[in-house]
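The values are calculated or read from the model by the stated rules, or taken from the named source; none is laboratory data. For clarity, every value in this text was computed on a predicted model and none was experimentally measured. Cβ: placed from backbone, ideal geometry, glycine included. Neighbour counts: every protein chain shown. Heads up: the accessible areas ignore ligands, DNA and RNA and are worked out on the full protein's heavy atoms, side chains in. Shrake-Rupley method; radii C 1.70, N 1.55, O 1.52, S 1.80 Å.
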Amino acid sequence: MGTIKKVSGPLITATGMADAKMYDVVRVSNMKLIGEVIELRGDLASIQVYEETGGIGPGEPVESTGEPLSVELAPGLIESIYDGIQRPLDKIRATSGDRIVRGIEVNKLDHDKKWKFVPTSNVGDELKAGDVLGTVQETDAVLHKIMLPPDVEGKLTWIYSGEATVVEPIAKVMTKSGEVTLPMLQRWPVRRGRPYAQKLVPDEPMVTGQRVIDAFFPIAKGGVAAVPGPFGSGKTVVQHQLAKWADADIIVYIGCGERGNEMTDVLNEFPELKDPKTGLSLMKRTVLIANTSDMPVAAREASIYTGITIAEYFRDMGYKVAIMADSTSRWAEALREMSGRLEEMPGEEGYPAYLGSRLAEFYERAGVVKTLGSEGRVGAVSAIGAVSPPGGDISEPVSQATLRIVKVFWGLSSKLAYARHFPAIDWLQSYSLYSDKLEKWYDENVNEEWSKLISQAMSMLQEENELDEIVRLVGIDALSFKDRLTLEAARSIREDFLHQNAFHEVDTFSSLKKQYMLIKLIMTYYNLGIAALAQDAPFNKIADLPVREAIGRFKYVPEHECNARYTDIMRSLDEQMRALYEGGNENA
């Protein structure tokens, strides 16, 4: 038991806390507000409080729970909507109405709901940490595996079959230190990464169905990416598209300090979105953490750790998990506020000097791993963080610290957004350090020409940028016909390939096979055009070739019709180009 000495917004200083440990959860004042010890000096503890501290003053009690900030992991996570410290918002609303009452205590998971537990291990089995005891069909889309906790291993002496709550015993294991009774529920401290057997090198792309990402700037399963961009450039829509279409089994979406209306959009849209894999609601494989900008600032920091710990738990089952953090800039603002109140020496722009290492701690928990357990399951967590630099200036500290850590940079451009080109990912600024590693996978699994075509298309876009400078200075007539054809083909890459309508029922998702066909059509047009120019075919007729409209409309062709349509367009392209020069100069 300690006593409040000073209150400074979300930071409280308490005396008599000599027995407390770093990151212990404490209950502050008679209202029992949730806080966490973030600094200890003798018997003085600095506590960041995750609830509003108005009306609290010196002399009030502070009680330590002796435990770190932890999440509850068990069936019931999927389809849940939590605040930053894993309090279920639907339960809070049922208890206290539309506002979160200070000091409210609710179970993080439903401790009364019965789940049907189906054992997969047998009495007498020698089990290792991480082995699967049994399964629960949590939703139609997710089979929840009940695993042995990372610190328990031994001989299974009893196992239950049938319906049970998450807190009732379902197994007994004889360990070296005695018999342990296990429920389905595990508790895990959020600031500590869950253990695994081995970290692997990511070598397979996380297919998103977004052409600019999959073709030009791919992310690997278990990779890390940042989406920086100014207000209105489409960060949230990009993350929604990834949440809906990415090749992941489980989605963890964190609204970290987001505006309330953006989280409302997520809460309204996700239950209605049809999951392309299962045909069910997208919520059937999603966990939402809704930490809005009007909630206490300190809770933003906890929300990021809560989300990544839940993601690691599903990774340990052998699932591929994608975690979306929107946005890490507001998380960094919480760090800046707490650092200022702790009177620490500020770094650049007032952010704490340890900003980079805190961001790295979060992103390094992503990755492909061989999980604990004798099965040798492989799971992955792919982390995608949105960054909201003020005015879109990515030279500010949060963007720069993030770029030093992540391997993929999808830089959103306000210029493209104002031109209504979405996704507004700037192909001249963005990059992916996974591209070289993934080339082999694409060439083997999509088409052997994939890498060559994408490389040629990227070169063409860079060449277009250089030619644009000349056109602006001296006009288009100064260019050779070959350069003008390059501009035409580059425009086709931009408008037909890179531009993608998230709200069009067909264009919202492109399979890798369809992406290959579309880029192949555009590059074939360019190569045949170069050959036609060499045969003295007129440039104007090459530029106005009727088949170009069919190439542009190919992205709206449903997947099952793509093969036939691709063959038709290729044949028309060859015939129309041939007709331009086979008649000699009489076509001019």
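Based on a Kirkwood Rh over C-alpha pairs, give the Stokes-Einstein translational diffusion coefficient of the range 152-201 at 4 °C and viscosity 1.567 mPa s in µm²/s.
My calculation gives 99 µm²/s for D.
Quick one: dipole size for the range 72-191, taken about the Cα centre, charges +1 on Lys/Arg Cβ and -1 on Asp/Glu Cβ, in debye to the nearest 20.
So the dipole magnitude of the range 72-191 works out to roughly 300 debye.
Which whole-Hz ³J(HN,Hα) couplings does the range 544-559 yield from phi under the Karplus relation 6.51 cos²θ - 1.76 cosθ + 1.60, θ = phi - 60°, glycine and proline marked x?
Karplus values, whole Hz, x for Gly and Pro: 9, 4, x, 5, 4, 5, 5, 5, x, 8, 4, 5, 8, 7, x, 3.
Given the Cα-Cα distance of GLU105 and ALA478 and 0.36 nm per residue of separation, how much length would full extension add, in nm? Intermediate results must be reported in sequence, preceding the final value.
Details: separation 373, 0.36 × 373 = 134.28 nm, distance 7.32 nm.
Full extension of this stretch gives 127.0 nm more.
Please check which bits of the range 477-506 a label hung off GLU463 would reach, taking the label as a point 7 Å along Cα-to-C-beta and the cut-off as backbone N under 12 Å.
480-491
With Rg and the Kirkwood Rh both taken from Cα atoms, where does Rg over Rh land for the range 109-237?
With Rg and the Kirkwood Rh in hand, the quotient comes to 1.12.
Given a 1.4 Å probe and every protein chain left where it sits, what share in percent of the accessible area of the range 156-300 is carbon and sulfur?
Carbon-and-sulfur percentage of accessible area, whole number: 53.
Which order, highest average first, do 336-345, 463-472, 84-93 follow once you tally other Cβ atoms within 10 Å for each residue and take the mean per peptide?
84-93, 336-345, 463-472
Sort 505-518, 103-116, 448-461 by the packing proxy (mean of other Cβ within 10 Å over each peptide's residues), most packed first. Mind showing how you got there, number by number?
Details: 505-518: 18.5, 103-116: 15.0, 448-461: 16.6.
Highest-to-lowest ranking by the protection proxy: 505-518, 448-461, 103-116.
Using a cut-off of 16 Å between alpha-carbon atoms, which lysines can reach LYS128, once sequence neighbours fewer than 8 places away in the same chain are excluded?
LYS145, LYS155, LYS172, LYS176, LYS370
Considering all projection directions equally, how large on average is the shadow of the alpha-carbon convex hull of the range 29-86, in square nanometres?
5.4 nm²
Please report, ordered by residue number, every helix of the chain (full DSSP H runs) that is 27 Å or longer along its axis going by C-alpha atoms and whose mean Kyte-Doolittle hydropathy reaches -1.0.
Correct list, ordered by number: 450-474, 512-534, 562-582.
Let me know the charge dipole size of the range 463-508 about its Cα centre in debye, to the nearest 20, where only the beta-carbon of Lys, Arg (+1) and Asp, Glu (-1) is charged.
I would put it at about 120 debye.
Please give me the summed charge of the neighbours of LYS155: other residues whose Cβ is under 15 Å from its Cβ, Lys and Arg +1, Asp and Glu -1.
Neighbour charge sum, excluding LYS155 itself: -2.
Mean 1/r over all different Cα pairs, inverted: what Kirkwood radius does the range 1-134 give, in Å?
17.1 Å is the Kirkwood radius here.
Across the range 73-79, in residue order, what do the Karplus-derived ³J(HN,Hα) couplings come to in whole Hz, using 6.51 cos²θ - 1.76 cosθ + 1.60 with θ = phi - 60° and x for Gly and Pro?
Using θ = phi - 60°, the values come out as 10, 5, x, x, 6, 5, 6 Hz.
Place a +1 charge on the Cβ of each Lys and Arg in the chain and a -1 charge on the Cβ of each Asp and Glu, then give the dipole magnitude about the Cα centre in debye, rounded to the nearest 20.
Dipole size: approximately 940 debye.
Ranked from highest to lowest mean number of other Cβ atoms within 10 Å per residue, what is the order of the peptides 532-540, 205-213, 33-41?
Listed from highest to lowest mean packing, they are 205-213, 33-41, 532-540.
For labels at ASN501 and THR95 in the simple 7 Å Cα→Cβ model, what's the distance in nm?
Taking the simple label geometry, ASN501 and THR95 are separated by 4.7 nm.
Per residue and in cubic angstrom, what volume does the convex hull of the Cα atoms of the range 323-462 have?
Enclosed volume per residue, from the Cα hull, is 150 Å³.
Can you tally the net charge around MET22? Count Lys and Arg as +1, Asp and Glu as -1, for every other residue whose Cβ sits under 11 Å from the Cβ of MET22.
That sum, taken over residues with Cβ under 11 Å, equals -1.
Once you have the Cα-Cα distance between SER161 and SER357, take 0.36 nm times their residue separation minus that, and quote the gain in nm to one decimal.
66.0 nm
For the chain, what does the convex hull of the Cα positions come to per residue, in cubic angstrom?
Output value, Cα hull per residue: 159 Å³.
So who's got an amide H within less than 5 Å of the one on ILE170, skipping anything under 5 residues away but keeping other chains? H placed 1.01 Å off N, in plane.
Those qualifying (amide H under 5 Å, at least 5 residues apart or on another chain) are LEU182, MET184.
Under the 0.36 nm per residue contour assumption, what length would be gained going from the current alpha-carbon distance of ILE470 and MET1 to full extension?
Fully extending the segment from ILE470 to MET1 adds 161.5 nm.
From a point 7 Å beyond the Cα of ASP436 in the direction of its Cβ, which residues of the range 365-408 have a backbone N at a distance under 19 Å?
Inside the label zone: 404-408.
For the range 439-588, what percent of Cα pairs sit more than 26 Å apart?
I get 29 percent for the Cα pairs in the range 439-588 exceeding 26 Å.
By a straight-distance test (C-alpha under 18 Å), which aspartates and glutamates pair with LYS6 as possible cross-link partners, with residues fewer than eight away in the same chain excluded?
GLU36, GLU39, ASP43, GLU51, GLU52, GLU60, GLU63, GLU337, GLU343, GLU344
Antiparallel versus total DSSP beta bridges in the chain: what percent is that, nearest 5?
70 percent
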